[in-house]
Amino acid sequence: MRFILFFSLFFTLVTFTRSALLFEGGATRDTITLRTDYWCPYACTPGDKPGYMIEIAKAVFESKGYKIDYDIEPWARAVKDVSEGKYLGLVGTAKVDAPTLLYPQITLGNNRSCFYSIQGKLQWKYRGEESLKEISFAAIKDYTYGDPVDTYIKKNPGKVDVIAGNYALALNIAKVLAGRIDAVIENESVIAMHLKEKPIKKPFGNYGCVEGDPVFIGFYPRHPNAIKYAEMLTNGIIELRKNGKLKEILNRYGIDDWEKK
(Lines give C-alpha, C1' and ligand atoms only; values in the text may rest on other atoms or scores of the structure.)
Protein backbone atom coordinates (compact mmCIF):
# COMPACT_ATOMS: atom_id res chain seq x y z
CA MET A 1 0.00 0.00 0.00
CA ARG A 2 2.86 2.35 0.89
CA PHE A 3 4.58 1.45 -2.39
CA ILE A 4 1.44 2.25 -4.40
CA LEU A 5 1.02 5.56 -2.58
CA PHE A 6 4.69 6.44 -3.09
CA PHE A 7 4.51 5.57 -6.79
CA SER A 8 1.36 7.66 -7.22
CA LEU A 9 2.95 10.68 -5.53
CA PHE A 10 6.17 10.25 -7.54
CA PHE A 11 4.25 10.06 -10.85
CA THR A 12 2.24 13.16 -9.96
CA LEU A 13 5.41 15.09 -9.07
CA VAL A 14 7.16 14.11 -12.31
CA THR A 15 4.10 15.04 -14.38
CA PHE A 16 3.78 18.41 -12.63
CA THR A 17 7.49 19.16 -12.97
CA ARG A 18 7.52 18.29 -16.67
CA SER A 19 4.41 20.36 -17.31
CA ALA A 20 5.92 23.31 -15.46
CA LEU A 21 8.86 23.31 -17.86
CA LEU A 22 6.64 23.72 -20.91
CA PHE A 23 5.23 27.05 -22.02
CA GLU A 24 3.07 28.47 -24.75
CA GLY A 25 5.34 29.42 -27.59
CA GLY A 26 6.66 25.92 -28.18
CA ALA A 27 9.60 26.41 -25.81
CA THR A 28 10.99 24.94 -22.63
CA ARG A 29 12.92 26.92 -20.05
CA ASP A 30 16.16 26.50 -21.99
CA THR A 31 14.95 26.32 -25.62
CA ILE A 32 13.85 29.21 -27.82
CA THR A 33 11.89 28.18 -30.92
CA LEU A 34 12.27 30.41 -33.99
CA ARG A 35 10.39 30.14 -37.28
CA THR A 36 10.31 32.02 -40.58
CA ASP A 37 10.42 31.32 -44.29
CA TYR A 38 13.53 31.11 -46.47
CA TRP A 39 14.68 34.73 -46.73
CA CYS A 40 18.43 34.52 -47.11
CA PRO A 41 20.67 36.26 -46.00
CA TYR A 42 18.32 37.18 -43.13
CA ALA A 43 17.17 33.59 -42.55
CA CYS A 44 18.58 30.72 -44.63
CA THR A 45 18.47 26.94 -44.56
CA PRO A 46 19.27 25.56 -41.08
CA GLY A 47 22.91 24.50 -40.90
CA ASP A 48 26.35 26.12 -40.91
CA LYS A 49 25.06 29.38 -42.45
CA PRO A 50 21.48 29.70 -41.22
CA GLY A 51 21.23 33.43 -41.90
CA TYR A 52 22.62 36.43 -40.09
CA MET A 53 19.52 36.95 -37.92
CA ILE A 54 19.73 33.36 -36.71
CA GLU A 55 23.45 33.74 -36.00
CA ILE A 56 22.70 36.89 -33.99
CA ALA A 57 20.06 35.02 -31.98
CA LYS A 58 22.47 32.16 -31.36
CA ALA A 59 25.26 34.52 -30.30
CA VAL A 60 22.95 36.31 -27.85
CA PHE A 61 21.00 33.43 -26.34
CA GLU A 62 23.45 30.52 -26.47
CA SER A 63 25.97 32.58 -24.51
CA LYS A 64 23.32 32.73 -21.76
CA GLY A 65 22.76 28.97 -21.73
CA TYR A 66 19.74 28.77 -24.05
CA LYS A 67 19.30 26.55 -27.08
CA ILE A 68 17.92 27.77 -30.41
CA ASP A 69 15.42 25.54 -32.25
CA TYR A 70 15.17 27.03 -35.76
CA ASP A 71 13.39 25.86 -38.88
CA ILE A 72 11.74 27.32 -41.99
CA GLU A 73 8.17 27.10 -43.26
CA PRO A 74 5.99 29.20 -45.59
CA TRP A 75 5.74 32.80 -44.38
CA ALA A 76 1.97 32.93 -43.88
CA ARG A 77 2.13 29.77 -41.76
CA ALA A 78 5.09 31.07 -39.74
CA VAL A 79 3.23 34.30 -38.91
CA LYS A 80 0.17 32.30 -37.85
CA ASP A 81 2.13 29.73 -35.82
CA VAL A 82 4.04 32.31 -33.80
CA SER A 83 1.05 34.64 -33.39
CA GLU A 84 -0.93 31.71 -31.96
CA GLY A 85 1.87 30.56 -29.66
CA LYS A 86 2.97 27.37 -31.38
CA TYR A 87 6.49 28.80 -31.57
CA LEU A 88 8.18 31.60 -29.66
CA GLY A 89 9.88 33.87 -32.20
CA LEU A 90 9.16 35.09 -35.73
CA VAL A 91 12.33 35.99 -37.64
CA GLY A 92 12.59 38.81 -40.18
CA THR A 93 9.23 40.38 -39.49
CA ALA A 94 8.17 44.00 -39.71
CA LYS A 95 5.79 45.15 -37.01
CA VAL A 96 3.03 45.54 -39.57
CA ASP A 97 3.35 41.84 -40.49
CA ALA A 98 2.55 40.64 -36.97
CA PRO A 99 1.33 43.57 -34.85
CA THR A 100 0.42 41.44 -31.82
CA LEU A 101 3.97 40.24 -31.20
CA LEU A 102 6.42 41.70 -28.69
CA TYR A 103 9.47 43.36 -30.22
CA PRO A 104 12.97 44.28 -29.02
CA GLN A 105 13.91 47.96 -28.94
CA ILE A 106 16.58 47.54 -31.60
CA THR A 107 16.01 46.46 -35.20
CA LEU A 108 17.78 43.56 -36.88
CA GLY A 109 17.81 45.00 -40.37
CA ASN A 110 15.98 46.98 -43.03
CA ASN A 111 13.55 45.75 -45.66
CA ARG A 112 14.35 47.77 -48.78
CA SER A 113 12.54 46.24 -51.74
CA CYS A 114 13.20 46.95 -55.40
CA PHE A 115 11.72 46.07 -58.77
CA TYR A 116 13.80 43.76 -60.95
CA SER A 117 13.56 42.64 -64.54
CA ILE A 118 15.85 41.66 -67.37
CA GLN A 119 18.43 44.39 -67.76
CA GLY A 120 17.45 46.84 -70.49
CA LYS A 121 14.08 45.21 -71.15
CA LEU A 122 11.79 47.85 -69.65
CA GLN A 123 11.47 51.53 -70.52
CA TRP A 124 10.09 52.03 -67.03
CA LYS A 125 11.20 53.13 -63.58
CA TYR A 126 9.35 52.96 -60.29
CA ARG A 127 8.08 56.47 -59.49
CA GLY A 128 5.38 55.82 -56.92
CA GLU A 129 1.93 54.24 -56.91
CA GLU A 130 0.76 55.63 -60.26
CA SER A 131 3.72 54.06 -62.05
CA LEU A 132 2.69 50.59 -60.83
CA LYS A 133 -0.29 50.71 -63.19
CA GLU A 134 2.10 50.69 -66.15
CA ILE A 135 3.54 47.20 -65.59
CA SER A 136 2.68 43.70 -64.43
CA PHE A 137 4.73 42.42 -61.50
CA ALA A 138 4.95 39.50 -59.07
CA ALA A 139 5.03 39.52 -55.29
CA ILE A 140 4.92 37.00 -52.43
CA LYS A 141 1.81 36.38 -50.34
CA ASP A 142 1.66 38.28 -47.03
CA TYR A 143 5.05 39.95 -47.57
CA THR A 144 5.46 43.59 -46.61
CA TYR A 145 7.19 45.80 -49.19
CA GLY A 146 6.31 49.21 -47.81
CA ASP A 147 3.75 51.74 -48.97
CA PRO A 148 2.50 52.63 -51.48
CA VAL A 149 3.27 49.16 -52.91
CA ASP A 150 1.49 47.28 -50.10
CA THR A 151 -1.61 49.44 -50.54
CA TYR A 152 -1.56 48.94 -54.31
CA ILE A 153 -1.35 45.15 -53.97
CA LYS A 154 -4.32 45.11 -51.57
CA LYS A 155 -6.40 47.37 -53.80
CA ASN A 156 -5.54 45.49 -57.01
CA PRO A 157 -5.39 41.76 -56.20
CA GLY A 158 -6.11 40.78 -59.78
CA LYS A 159 -3.35 42.94 -61.26
CA VAL A 160 -0.45 41.60 -59.19
CA ASP A 161 0.75 38.00 -59.49
CA VAL A 162 0.94 36.95 -55.82
CA ILE A 163 2.10 33.45 -54.84
CA ALA A 164 3.17 31.67 -51.65
CA GLY A 165 5.65 28.95 -50.68
CA ASN A 166 9.33 28.52 -49.93
CA TYR A 167 10.24 28.71 -53.65
CA ALA A 168 8.11 31.74 -54.48
CA LEU A 169 11.03 33.99 -55.43
CA ALA A 170 12.52 31.41 -57.81
CA LEU A 171 9.13 30.97 -59.47
CA ASN A 172 8.65 34.73 -59.82
CA ILE A 173 12.08 35.14 -61.43
CA ALA A 174 11.22 32.32 -63.85
CA LYS A 175 8.03 34.15 -64.84
CA VAL A 176 10.03 37.27 -65.68
CA LEU A 177 12.52 35.27 -67.76
CA ALA A 178 9.65 33.57 -69.60
CA GLY A 179 8.00 36.91 -70.37
CA ARG A 180 4.86 36.14 -68.39
CA ILE A 181 5.26 39.26 -66.23
CA ASP A 182 7.33 42.43 -66.51
CA ALA A 183 9.05 42.51 -63.12
CA VAL A 184 9.37 41.06 -59.65
CA ILE A 185 9.59 43.02 -56.41
CA GLU A 186 11.94 41.68 -53.75
CA ASN A 187 14.22 42.74 -50.91
CA GLU A 188 17.51 43.86 -52.48
CA SER A 189 19.71 41.71 -50.22
CA VAL A 190 17.52 38.64 -50.69
CA ILE A 191 17.47 38.75 -54.48
CA ALA A 192 21.20 39.52 -54.60
CA MET A 193 21.90 36.39 -52.54
CA HIS A 194 19.49 34.32 -54.62
CA LEU A 195 21.06 35.35 -57.94
CA LYS A 196 24.53 34.73 -56.54
CA GLU A 197 23.61 31.18 -55.51
CA LYS A 198 21.49 30.50 -58.60
CA PRO A 199 22.84 32.53 -61.54
CA ILE A 200 20.55 33.17 -64.51
CA LYS A 201 21.50 33.54 -68.18
CA LYS A 202 19.99 37.00 -68.59
CA PRO A 203 21.25 39.55 -66.06
CA PHE A 204 18.68 41.40 -63.96
CA GLY A 205 18.58 45.15 -63.53
CA ASN A 206 17.17 47.31 -60.74
CA TYR A 207 14.19 49.43 -61.82
CA GLY A 208 13.66 51.42 -58.63
CA CYS A 209 13.15 50.83 -54.93
CA VAL A 210 10.69 51.51 -52.14
CA GLU A 211 11.83 52.06 -48.57
CA GLY A 212 10.16 49.48 -46.35
CA ASP A 213 9.93 48.97 -42.62
CA PRO A 214 12.70 47.84 -40.27
CA VAL A 215 12.66 44.11 -39.47
CA PHE A 216 12.95 42.29 -36.16
CA ILE A 217 12.62 39.02 -34.33
CA GLY A 218 9.16 39.26 -32.75
CA PHE A 219 8.16 37.18 -29.72
CA TYR A 220 4.87 35.57 -28.77
CA PRO A 221 3.67 38.03 -26.10
CA ARG A 222 1.91 35.55 -23.79
CA HIS A 223 5.07 33.55 -23.15
CA PRO A 224 6.05 34.29 -19.53
CA ASN A 225 9.62 35.19 -20.56
CA ALA A 226 8.79 37.18 -23.72
CA ILE A 227 9.75 40.55 -22.22
CA LYS A 228 12.95 39.07 -20.82
CA TYR A 229 13.92 37.59 -24.21
CA ALA A 230 13.20 40.86 -26.04
CA GLU A 231 15.39 42.75 -23.56
CA MET A 232 18.15 40.15 -23.83
CA LEU A 233 18.12 40.49 -27.62
CA THR A 234 18.19 44.30 -27.42
CA ASN A 235 21.15 44.31 -25.03
CA GLY A 236 22.83 41.48 -26.92
CA ILE A 237 22.81 43.33 -30.25
CA ILE A 238 24.31 46.40 -28.56
CA GLU A 239 27.10 44.24 -27.15
CA LEU A 240 27.72 42.41 -30.45
CA ARG A 241 28.03 45.76 -32.21
CA LYS A 242 30.52 47.00 -29.59
CA ASN A 243 32.75 43.93 -29.51
CA GLY A 244 32.88 43.46 -33.29
CA LYS A 245 31.06 40.13 -33.33
CA LEU A 246 28.15 41.60 -35.30
CA LYS A 247 30.52 42.72 -38.07
CA GLU A 248 32.00 39.21 -38.19
CA ILE A 249 28.55 37.67 -38.60
CA LEU A 250 27.50 40.13 -41.31
CA ASN A 251 30.77 39.66 -43.20
CA ARG A 252 29.92 35.97 -43.61
CA TYR A 253 26.95 37.07 -45.72
CA GLY A 254 28.62 39.96 -47.52
CA ILE A 255 26.39 42.67 -46.07
CA ASP A 256 26.95 45.84 -44.05
CA ASP A 257 25.60 46.91 -40.67
CA TRP A 258 22.13 48.31 -41.37
CA GLU A 259 22.61 51.06 -38.75
CA LYS A 260 25.72 52.40 -40.45
CA LYS A 261 24.40 52.77 -44.00
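Matching residues to (1) over 12 Å from the mean Cα position of the chain (by Cα); (2) farther than 12 Å from V215 by Cβ:
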position	(1), (2)
E62	yes, yes
L90	no, no
K95	no, no
Y103	yes, no
Q119	yes, yes
Among (1) under 15 Å from the mean Cα position of the chain (by Cα); (2) under 30 Å from D257 (Cβ atoms), the one test that G165 misses: (2)
Residue in segment 106-118 that is free of Cβ contacts under 8 Å to residues at least 40 places away in the same chain and crowded, with 16+ Cβ neighbours inside 10 Å present: no
Spans of strands (runs of 3 or more DSSP E) in segment 85-147 with at least 3 residues outside the structural domain of R35 (by TED's automatic domain parsing): 110-118, 137-140
Residues of segment 48-59 classified as closer than 23 Å to K86 by Cβ and exposed (fewer than 13 other Cβ atoms within 10 Å of the Cβ), total: 0
Segment 169-182, subset of a type outside the set (A, V, I, L, M) and assigned to a helix (DSSP H, G or I), residue nearest to K121 (Cα to Cα): K175
Subset tally (residues that are part of a helix (DSSP H, G or I) and buried (at least 18 other Cβ atoms within 10 Å of the Cβ)) for segment 60-75: 3
Odd one out for P157, checked against (1) surrounded by 14 or more Cβ atoms within 10 Å (Cβ to Cβ); (2) in a loop (DSSP other than H, G, I, E, B); (3) not β-branched (V, I, T): (1)
Extreme residue, farthest from A192 (Cα to Cα), among residues of segment 105-117 that are more than 17 Å from the chain's Cα centre (by Cα) and of a type in the set (S, T, Y): S117
Per-region count, segment 53-88, residues hydrophobic (A, V, I, L, M, F, W, C) and out of contact with any strand residue (DSSP E or B) (no Cβ under 9 Å at 6 or more places or on another chain): 3
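The values are calculated or read from the model by the stated rules, or taken from the named source; none is laboratory data. On a predicted model such as this, the values are computed, not experimentally measured, just so you know. Please note: Cβ atoms are built from the backbone with ideal geometry, for glycine as well, and neighbour counts cover all protein chains shown.
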